[in-house]
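The values are calculated or read from the model by the stated rules, or taken from the named source; none is laboratory data. What you see is a predicted model, and the numbers here were worked out from it, not measured in a lab. Cβ placement follows ideal geometry from the backbone for every residue including glycine, while neighbour counts extend to all protein chains displayed. In case anyone asks, the SASA skips ligands and DNA or RNA and just uses the protein heavy atoms, side chains included. Shrake-Rupley method; radii C 1.70, N 1.55, O 1.52, S 1.80 Å.
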Amino acid sequence: MSITRRNAAQWLAALPGACAAQQLIGEAPGRITPVAELVNSYEAEAMAGRVLHPERFAEIAAGSRAPFDRITFRPRLMANSLDLDLSVELFGVKLFAPIIAGPVADLSRFHAGGEAEWLKGAEAAKTHALLAAGGGTFPVACYSGDWAGFDKVRAASKAPVLMKGILRAEDAKAAVERGASGIVVSNYRSGVAELPGVAATISVLPAIADAVGGRIPILIDGGFARGTDVLKALALGARAVLVVRPLLWGLAAYGAPGVQQVLELMQSELARAMVMSGKPNVAAIGRDTVRLHKR
Amino acid sequence: MLQYRYELNRRRALHALAAFAAGSPLRAFQQDPFRDHSRIPALTEMRTALDFEAVAFVRLPRPVFDYTAYGSDSEFTLRRNRQAFDWVELTPHAQPVRTPDTAAQLLGTKLNYPILLSPTAGHLQLHPDGEPATYAGATAAAATPMIVSNVSSVPFEKIAGASRGPIWFQLYPRNDSESNHETLERVQGAGAQAVVVTVDQQASFFERILHSRHLNPGAPGGVRRRTSSRGAPRNPYRVPEDRLFYEWKLFDEWRKIVKVPLIVKGVLTPEDAKICLEHGIDAVYVSNHGARSLDYAPSSLEVLPDIVDAVGGRVPVIFDSGIRRGADILKALALGASAVGLGRIARWGLAAYGAEGVQRALEIMQAELKLAMMAAGCASLKAVNRSLVRTDFP
Ligand SMILES: Cc1cc2nc3c(=O)[nH]c(=O)nc-3n(C[C@H](O)[C@H](O)[C@H](O)COP(=O)(O)O)c2cc1C
């Protein structure tokens, strides 16, 4: 094969495809899309990739979609949704939607405005936020660590205490027995998050929900980036979902407006998915809303 | 660290080169399927129905092409619709047949092949001849029934006058019973031989409209979300309200107005199929709207067998979403469909070559079905049953 100029040009043009340099359809490289134009949270991820140092970005890159891809819906027809309602009640708080901004340490790593921008964006999207250091706009304490530590925190805390980091049914039961107000199914814990082959939270949720049997509310985090992901968690027994990474993408690229946009996108996606699966409110969602697949 | 960031090394140079190339107009070369011979093939060169898609691609403005090609949200279901056919294998009889009989009877319409044209919106954007050409092409292809969409770019009466083959109508119900009444009376008066009511796709969103943001920036419609025709919705989640009022009892009202067979399109669960029967529906149309409704809905094919079982032969089951080859049709029939619908195939055919393209694309599908039946050893559609396939749905 002889190399013609045209050949070489084509090869060059194919390079970026091979490098996956252009993640957004039709966006010029380097351009930061106006925040209102983002159509899903993954676009915010691509934008974060453009503003963050690669190493910083690697810490918050998207997780695998495979666990969500093994769950499909069983959409039911003709459910009047004019009074569509996503709200849920949790520890005496009425949530606008079953989505909570999850805890992250040191938000200033991603945006100079850090925590202030995070809270501002969440509030603009009518979303409560749990902060790592405590405080935040959701009145619960989230504990992650050993049981002795949990007992101490619970004894000392006036607010409801959630046991975070549950991945097994027996631990969920133990949390109920030790008086946890709720649990957070999560694999984001030091040592575990980096563990190769650790189970996806959405995959272990059904067994945990069975073990808890509705005695305390279950929250979950881990890779939730689309409204349909949230609907799946609700169907499998979670009361609400903690979202972190997609909001960090929004925060890094845009500050508060990015956090707000990503939250609103996920709320809209959830709302549309609920409508089209025939579930006009959260109470109507159940196990039979989804179908689990082996592969 | 800092040093690494600012030093020019081989890796960074390659990165920069890649970024340069990404911004270069040469990238468009990659997207042209005909770059090596810059010639649009003739109609007679089309070998499979898939070939029409590439021709449509070069003929259409990119946003128009995308509109036909895309699915909703992440397009999980769009991919799954095709994947699903790989989960079904044919197990042919030892004895091939020479002249399979493909004729069928469906709701009083005589079919030469168990194939319909699924209803799809606005054909004028695909070809200046619009729906009348689609209809003429369908009729020319062994009188394939065309289901005219409620949102066609040419009025039903005008399309109906363009040819003589079987023609059905598809309704998107409105929250206004007088308007529904008027539409249903009008199309039945103009010769609609069946009415399909589409009740899925209440609130879909297409992320790929992104394309229009760089191809024609500032174009109306750009990346704006679809909003309700009746102003701001009552819900605070920005979900358009037009299609949120659906309720089963409305079918009892429509049942009275529709004198021809009445079909529900968008069924994906056995439970809903049974409810259809309770409301006197004449056929259940299993479809996920070509993956343009709920993202992460199952492929239509994987839910077909259970729905067929629930219906238990009381009414016919029509199937669409994802069919591209004759063997795909045979698989759907083997799993219990009485007939299948083709959506995008007709659109690619129309966009590529007008009425003749529709005709040819359909004839290819018909010929492929016939070949598949010959190879599988099915003398007629009656011989096509579940024993003809092995399924391995995940
Ligand atoms: C561009 C496009 C427009 C469509 N418009 C309609 C419509 O107006 N009414 C309707 O009931 N279905 C509509 N559909 C869905 C089709 O009727 C059909 O369910 C689907 O295209 C079948 O999948 P296939 O394209 O893979 O064959 C549309 C599909 C496409 C691709």
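Summary table
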item: Unique residue being closer than 29 Å to A:Pro257 by Cβ and touching a residue at least 60 places away in the same chain (Cβ under 8 Å) when the list is A:Thr137, A:Thr127; result: A:Thr127
item: Residues of segment B:339-361 that turn out to be assigned to a helix (DSSP H, G or I) and either more than 8 Å from the ligand (Cβ to nearest atom) or within 14 Å of chain A (Cβ to nearest Cβ) (or both), as a count; result: 15
item: Verdict on B:Gly336 being part of a loop (DSSP other than H, G, I, E, B), more than 15 Å from the ligand (Cβ to nearest atom) and within 27 Å of B:Pro270 (Cβ to Cβ); result: yes
item: Hits in segment B:356-384 (condition: polar (S, T, N, Q) and surrounded by fewer than 21 Cβ atoms within 10 Å (Cβ to Cβ)); result: B:Gln366, B:Ser380
item: Matching option when the condition is within 14 Å of the ligand (Cβ to nearest atom) and more than 24 Å from A:Val275 (Cα to Cα), among B:Asp309, B:Asp282, B:Asp328; result: B:Asp328
item: Residue check for B:Val88: of a type in the set (Val, Ile, Thr) and within 14 Å of the ligand (Cβ to nearest atom); result: no
item: Residue count for segment A:180-191, restricted to those that are surrounded by 14 or more Cβ atoms within 10 Å (Cβ to Cβ) and assigned to a loop (DSSP other than H, G, I, E, B); result: 6
item: So B:Gln105, is it in a strand (DSSP E or B) and away from the ligand (no atom under 16 Å from the Cβ); result: yes
item: Extreme residue, nearest to B:Gln170 (Cα to Cα), among residues of segment B:118-130 that are open to solvent by less than 40 Å² (accessible area, probe 1.4 Å) and within 11 Å of the ligand (Cβ to nearest atom); result: B:Pro119
item: Helices (runs of 4 or more DSSP H) contained entirely in segment A:204-295, each with at least 3 residues that are open to solvent by 10 Å² or more (accessible area, probe 1.4 Å); result: A:245-254, A:256-276
item: Output for segment B:73-92, where each listed residue is more than 14 Å from every other protein chain (Cβ to nearest Cβ) and open to solvent by 90 Å² or more (accessible area, probe 1.4 Å); result: B:Glu89
item: Total residues in segment A:73-91, condition open to solvent by less than 50 Å² (accessible area, probe 1.4 Å), more than 8 Å from chain B (Cβ to nearest Cβ) and in a strand (DSSP E or B); result: 2
item: Selection count, segment A:140-170, where residues are of a type in the set (D, E, K, R), in contact (Cβ under 8 Å) with a residue 24 or more places away in the chain and either part of a helix (DSSP H, G or I) or in contact with a helix residue (DSSP H, G or I) (Cβ under 8 Å, 6 or more places away or on another chain) (or both); result: 4
item: One residue from B:Ile167, B:Ile115 being among the hydrophobic types (A, V, I, L, M, F, W, C), within 22 Å of B:Ala273 (Cβ to Cβ) and buried (at least 22 other Cβ atoms within 10 Å of the Cβ); result: B:Ile115
item: Whichever residue in segment A:17-52 is away from chain B (no Cβ under 12 Å) and either out of contact with any Phe, Trp or Tyr (no Cβ under 6 Å at 6 or more places or on another chain) or modelled with pLDDT under 75 (or both) and, among such residues, is farthest from A:Arg245 (Cα to Cα); result: A:Ile32
item: Pick from segment B:291-309, criterion away from chain A (no Cβ under 12 Å) and open to solvent by 10 Å² or more (accessible area, probe 1.4 Å), ranking: nearest to B:Thr183 (Cα to Cα); result: B:Val308
item: Residue, farthest from B:Glu185 (Cα to Cα), within segment B:262-274, restricted to residues that are buried (at least 20 other Cβ atoms within 10 Å of the Cβ) and either more than 8 Å from chain A (Cβ to nearest Cβ) or aromatic (Phe, Trp, Tyr) (or both); result: B:Ala273
item: Complete set of residues in segment B:137-157 that are within 16 Å of the ligand (Cβ to nearest atom), among the β-branched types (Val, Ile, Thr) and crowded, with 17+ Cβ neighbours inside 10 Å; result: B:Thr144, B:Ile147, B:Val148, B:Val154
item: Segment B:47-71: number of residues that are surrounded by 20 or more Cβ atoms within 10 Å (Cβ to Cβ), within 14 Å of the ligand (Cβ to nearest atom), within 11 Å of B:Gly349 (Cα to Cα) and of a type in the set (A, V, I, L, M); result: 2
item: Failed item in (1) buried (at least 24 other Cβ atoms within 10 Å of the Cβ); (2) within 14 Å of chain A (Cβ to nearest Cβ); (3) of a type outside the set (A, V, I, L, M, F, W, C); (4) more than 26 Å from B:Tyr67 (Cβ to Cβ), with B:Lys331 passing the rest; result: (2)
item: Matching residues, segment B:159-177, being more than 15 Å from the ligand (Cβ to nearest atom), closer than 19 Å to B:Ala133 by Cα and in a helix (DSSP H, G or I); result: B:Ala160
item: Residues satisfying the stated conditions in segment B:312-325, i.e. away from the ligand (no atom under 15 Å from the Cβ) and surrounded by fewer than 21 Cβ atoms within 10 Å (Cβ to Cβ); result: B:Gly312, B:Gly313, B:Arg314, B:Val315
item: Residues being within 11 Å of chain B (Cβ to nearest Cβ) and closer than 20 Å to A:Leu219 by Cα - total across segment A:238-267; result: 3
item: Qualifying positions in segment B:178-205 - more than 16 Å from the ligand (Cβ to nearest atom), touching a helix residue (DSSP H, G or I) at 6+ places or on another chain (Cβ under 8 Å) and not in a helix (DSSP H, G or I); result: B:Ala190, B:Gly191
item: Selection from segment A:53-72 of residues that are within 9 Å of chain B (Cβ to nearest Cβ) and open to solvent by 60 Å² or more (accessible area, probe 1.4 Å); result: A:Glu55, A:Arg70
item: A:Pro103 being within 13 Å of chain B (Cβ to nearest Cβ) and in contact (Cβ under 8 Å) with a residue 12 or more places away in the chain; result: no
item: Any chance B:Thr99 is away from the ligand (no atom under 16 Å from the Cβ), assigned to a helix (DSSP H, G or I) and either aromatic (Phe, Trp, Tyr) or at pLDDT 95 or above (or both); result: no
item: Where A:Ser108 falls short, out of the listed (1) within 14 Å of another protein chain (Cβ to nearest Cβ); (2) of a type outside the set (A, V, I, L, M, F, W, C); (3) assigned to a helix (DSSP H, G or I); result: (1)
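For (1) at pLDDT 95 or above; (2) more than 16 Å from the ligand (Cβ to nearest atom), each residue gets a yes or a no:
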site	(1), (2)
B:Glu207	no, no
B:Asn216	no, yes
B:Arg225	no, yes
B:Arg230	no, yes
B:Lys249	yes, yes
B:Ser287	yes, no
B:Arg292	yes, no
